[in-house]
1. Report, to the nearest whole %, how much of the accessible area of region 359-431 belongs to carbon and sulfur atoms, 1.4 Å probe, protein only.
2. Suppose accessible area is computed on protein heavy atoms with a 1.4 Å probe; arrange 200, 44 from highest to lowest.
3. Compute and list, largest first, the equivalent-ellipsoid semi-axes of region 310-436 from the alpha carbon gyration tensor, each √(5λ) rounded to a whole angstrom.
4. In nm, to one decimal, how far is the modelled label at residue 174 from the one at residue 400, with both set 7 Å along Cα→Cβ?
5. Where the accessible area of region 256-348 is counted over protein heavy atoms with a 1.4 Å probe, how much of it, in %, is carbon and sulfur?
6. Taking only protein heavy atoms into account and a 1.4 Å probe, give the accessible area per residue of region 490-564 in Å².
7. Under a 1.4 Å probe, what is the accessible area of region 340-405 per residue, stated in Å²?
8. Measure off, as a whole percent, the carbon and sulfur share of the 1.4 Å-probe accessible area of region 459-558, all protein chains present.
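The values are calculated or read from the model by the stated rules, or taken from the named source; none is laboratory data. Note that the structure is predicted; figures quoted are calculated from it, not measured. Glycine also receives a Cβ, built like all others from the backbone with ideal geometry; neighbour counts cover every protein chain displayed. For accessibility, only protein heavy atoms count, side chains too; no ligands or nucleic acids. Shrake-Rupley method; radii C 1.70, N 1.55, O 1.52, S 1.80 Å.
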Amino acid sequence: MLILVLLSAVIGAGTALSPCALPVLPALLSAGAAGGRRRPVAIVIGLSVTFMLSIVGGGVLLRHIGLGGGTLRDLGIAVLVIAGVAALAPGLAQRLERPLAALSRFGPRRAGDGFASGLLVGAALGFVYAPCAGPVLAAVVSVSAVTGKTVVVALAYVAGSAAVLMAIAIGGRRVLEPIRRAGPLRVQRALGVVLLATAVAFIAGLDMDFETALARHTSSATLTGGLESSAGVITRLDELRGRAKFDDKNAKPAAKTATATRSSLPDLGPAPDFTGTQRWFNSAPLDLAKLRGRVVLIDFWTYTCINCLRTLPYLEAWDARYRAAGLTIVGVHAPEFGFEHDAGNVARAISTNHIKYPVVQDNDLKTWDAWGNQYWPAEYLIDADGHVRETHFGEGDYDKSEAAIRSLLAERGAKLAAARARPHGITPVGTEATPETYVGAARAQGFTTAPSTGTKTYTLPAGRLPVNAFALGGRWKIGDEPATAVSGATLAATVHARFVYLVLSPPDDGKGGEVTVAIDGGRSKRIAVKTQRLYTLASFGAAGDHALKLRFARGTSAYAFTFG
């Protein structure tokens, strides 16, 4: 634990020195240059406190009271606007500082003013600084219950980051000291302009565009990316989460069996049971104790994930071929979007895809967490004694997975014919398709103008977009997950794909939605949106570059693109 704490402090310091911190530095430097000597200290204290709150329990609290994940960011932007206006109007600044004056006694005792307003500005920066967090804080955030260990790790991370930010703020103040002495009022007004400009940049999503560009053109958006991804850190983070880890490093030789055929697959440890689940489909509720003696394949999936849907023909074929020989497949439906929690939608997807094996809802991701899973789709193969023997993440390697199933069935004594399963309805997969992207503000990538939460009007760029680029036009209501058409809503894209898919949802009024799709400037086709699911927008004879123009009927919502 001590090593993880020390590493967290180093990684936190690296975050503050990394490019992802650049969007907040102008505001940090300008705010630190104004006011008295205590102000930079106050700014970093305020930033550290709200940064800490946003990563330890803040998101959970907001979800419990019904607020979206972007609420803290919006609050921070609002405070930056208020602070910017106050800096431009000294009288207003004094009135705003009076209620906060009592807080100054917690700061340094040396002379200086602006401590209270520094806390306010720092608090705002802490909320917009939070996206700089990497795997260490992702591990802290993903822990469902806040514990002493997670708080200590988070504090170490924040302390490392705060130390570097403090040095930057104080160093910047010293560099700007001659200018500040020559015209303190000018410095204060410049501070107001910088804070307002920073707020506008965050409202426009320019910080997200910047971080997206970093992700595309650099191997890591943080200087400590290599350290965070190292085996030692990852192992300690898995221990912090309290999650099971199934990989070859934990593997042991399989125990000898009484049968003549013994599988060569390694033993990756006891399998976690189903926990915190909701409705079961195609079966009464199951647990691994009831399934002891059978080979079990756990499939984590969600019904709008095209990668998951492309694995279903193989799972269904294995179920038909090997169920009588002792195989039980259990689909764990782990939702990605809010509407995927609905049992009716899941039941409809199970029926549409002709799934016959048991499926259970994992709406709170409790079983997902118990397995330490991070992927859709993900398969875990369990032997007759309840031990994990094989894992696979993503698509592909179906022959290898079937061979592992046959190996464990033979280990339990099943007599199998040579014939393999025969999947039907296989969808060809392109090897270099456009990466998937989301339309909601939380995870949108590749847009010429990043979608940001709220109702606003977007303008499509002139001409054809470059490959893998997307753009909105018309008026949209953007949330963290969905983008809902308001009026004249369009979406343009140029993609490289053989198949184009989009998760869509109809309007709340129950009248049904519609999307009109035009490809390469040709004839348009209309797609009726009646349910919340994945829709096929286009299917080409071969993978290639294509320009799409989509028009959305009012109230129709778009969630995520995937390509094949």
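1. Details: 1620 of 3370 Å².
About 48 percent, which is the carbon plus sulfur part of the accessible surface.
2. Details: 200 95, 44 5 Å².
I get 200, 44, largest accessible area first.
3. On the way: eigenvalues 123, 67, 49 Å².
Taking √(5λ) for each Cα gyration eigenvalue gives 25, 18, 16 Å.
4. In this crude spin-label approximation the distance works out to 5.5 nm.
5. Values: 1840 of 3570 Å².
Taking all protein chains in place, region 256-348 shows 51 percent carbon and sulfur surface.
6. On the way: 3220 Å² over 75 residues.
It amounts to 43 Å² per residue over region 490-564.
7. On the way: 2560 Å² over 66 residues.
Value for region 340-405: 39 Å² per residue.
8. Carbon and sulfur together cover 47 percent of it.
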